[in-house]
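Trainee: Mind having a look at this structure? Questions to follow.
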Amino acid sequence: RFGYEVFHRSKLLPADMAGQVRAIIDRYQVDCVLDVGANAGQFGYFLRNLVGYLGLLVSFEPSAETFEELSRKAAPDSHWMAFNCALGKDNAEQQFNIMKSSELNSFLEPDRSETRLFDSYNVVIRRETVRMRTLDAVIPEIRRTHSFRNMYLKIDTQGYDMQVIEGAGGILPDVVAIQTEAAFQRLYAGMPGYLETLSELDQRGWDLSAVFPISADSSARLIEADCIFVNRGKAREQEARLLQVPGLTHV
């Protein structure tokens with residue numbers, strides 16, 4: 001009569017990104033989070049204060065100026081490492097576009113043909129030569145001093161996410177989930193659209209777990225969304241273990 005319905009928790013999915021990330025970290029026993037495109041440490045704050053993850057966090061930020069701010073935030077946290085480099089599909093040096101808003105920094109050039117919502121911020125003010133590395137090269141180095149098994153890979157590189165994944169082929173079997181941005185209206189020249197992102201990850205063995213809108217235009221059309229994918233092989237292992245629990249009804 002009062003407009004409420006009661007459900008068992010097992011029938012509900014988390015409605016917020018923090019809840020979804022927390023559920024994946026718990027279910028897959030994540031003990032290392034890779035924060036690619038860390039900017040000034042916003043995702044680190046999200047993990048520590050909203051998700052409640054206290055394990056190893058490894059952040060990567062190519063811009064020298066932004067990296068200084070990231071380093072200050074990471075310094076008091078003994079489980080937070082920060083690297084001043086970009087990640088991609090090659091180990092090389094490359095020109096990096098510094099935008100008016102640092103959160104929009106990208107290797108790609110701005111493209112205003114699909115949306116003009118960020119015109120005043122997505123403007124190149126200078127270029128830096130930055131070091132690019134691959135995750136395949138970096139992870140073995142980190143493992144020399146840190147022990148971990150299950151990684152959560154978050155990528156926010158403003159249109160360059162797929163190149164990061166291309167450089168991570170050797171370590172992806174140990175990644176249980178990937179968080180990446182999908183573009184419904186492209187902000188950069190040459191970046192993939194959401195259908196390309198979904199198709200590419202599906203072909204590589206990743207299943208969509210959740211979608212969280214980031215921005216929309218005045219016509220209520222989605223511009224960007226954070227998408228979380230789980231490793232199909234790891235998910236099937238989880239499912240098999242659940243089915244083996246005596247007395248459990250799997251729906």
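Trainee: Sort out which residues of the range 14-25 are more than 29 Å from G88 (Cβ to Cβ) and open to solvent by less than 40 Å² (accessible area, probe 1.4 Å), and write them in order of number.
Mentor: Residues satisfying the conditions are G19, A23.
Trainee: Further question on the same structure: On the given criteria, is S59 open to solvent by less than 40 Å² (accessible area, probe 1.4 Å), within 20 Å of V175 (Cα to Cα) and touching an Asp or Glu at 6+ places or on another chain (Cβ under 7 Å)?
Mentor: Numbers: open to solvent by less than 40 Å² (accessible area, probe 1.4 Å): yes; within 20 Å of V175 (Cα to Cα): yes; touching an Asp or Glu at 6+ places or on another chain (Cβ under 7 Å): yes.
Yes, satisfied.
Trainee: Okay, next question. Taking the range 79-137 on its own, how many of its residues are of a type in the set (G, A, S) and over 28 Å from F148 (Cβ atoms)? Talk me through it step by step, then tell me what you get.
Mentor: Applying the first criterion (of a type in the set (G, A, S)) to the range 79-137 yields 82, 86, 88, 92, 101-102, 106, 113, 120, 137.
Remaining after also requiring over 28 Å from F148 (Cβ atoms): 101-102, 106, 113, 120.
Within the range 79-137, residues that are of a type in the set (G, A, S) and over 28 Å from F148 (Cβ atoms) number 5.
Trainee: Looking at G3, G88, G41, which one is over 14 Å from the mean Cα position of the chain (by Cα), open to solvent by less than 90 Å² (accessible area, probe 1.4 Å) and small (G, A, S)?
Mentor: G3
Trainee: Does the range 118-127 hold any residues that are crowded, with 16+ Cβ neighbours inside 10 Å and not polar (S, T, N, Q), and which are they? Before you say what the answer is, go through the steps one by one.
Mentor: Going residue by residue through the range 118-127, those that are crowded, with 16+ Cβ neighbours inside 10 Å are 118, 122.
The one that is crowded, with 16+ Cβ neighbours inside 10 Å and not polar (S, T, N, Q): F118.
Trainee: Continuing with this model, one more query. With respect to Y28, determine if the residue is buried (at least 16 other Cβ atoms within 10 Å of the Cβ) and farther than 21 Å from D156 by Cα. It would help to see each step written out before you state the result.
Mentor: Values: buried (at least 16 other Cβ atoms within 10 Å of the Cβ): yes; farther than 21 Å from D156 by Cα: yes.
Yes, satisfied.
Trainee: Same structure again: Name the residues in the range 221-243 that are over 23 Å from E196 (Cβ atoms) and aliphatic (A, V, I, L, M), would you? Give the derivation first.
Mentor: As a first pass, look at the range 221-243 and keep what is over 23 Å from E196 (Cβ atoms): 234, 236-243.
Listed by number, the residues that qualify are A240, L242, L243.
Trainee: Before we move on, is A75 of a type outside the set (S, T, Y) and either in contact with a Phe, Trp or Tyr (Cβ under 9 Å, 6 or more places away or on another chain) or over 30 Å from G19 (Cβ atoms) (or both)? Explain how you work it out, then say what you get.
Mentor: Values: of a type outside the set (S, T, Y): yes; either in contact with a Phe, Trp or Tyr (Cβ under 9 Å, 6 or more places away or on another chain) or over 30 Å from G19 (Cβ atoms) (or both): no.
Taking the combined requirement at face value, the residue does not satisfy it.
Trainee: Can we say D136 is touching a Lys or Arg at 6+ places or on another chain (Cβ under 7 Å), over 25 Å from D111 (Cβ atoms) and not polar (S, T, N, Q)?
Mentor: Values: touching a Lys or Arg at 6+ places or on another chain (Cβ under 7 Å): no; over 25 Å from D111 (Cβ atoms): yes; not polar (S, T, N, Q): yes.
No: the conditions fail for D136.
Trainee: Here's another thing I want to ask about it. Is it true that some residue in the range 15-37 is farther than 19 Å from V230 by Cα and under 17 Å from the mean Cα position of the chain (by Cα)? Spell out how you get there, then give the answer.
Mentor: Here is the first cut: in the range 15-37, the ones farther than 19 Å from V230 by Cα are 37.
From what's left, under 17 Å from the mean Cα position of the chain (by Cα): 37.
Checking the range 15-37: at least one residue is farther than 19 Å from V230 by Cα and under 17 Å from the mean Cα position of the chain (by Cα).
The values are calculated or read from the model by the stated rules, or taken from the named source; none is laboratory data. This structure is a prediction, so every number in the text was calculated from the model and none was measured. Methodologically, a virtual Cβ is constructed for each residue, glycine included, from the backbone with ideal geometry; neighbour enumeration extends over all protein chains shown. Note: areas computed on protein heavy atoms with side chains; ligands, DNA, RNA excluded. Shrake-Rupley method; radii C 1.70, N 1.55, O 1.52, S 1.80 Å.
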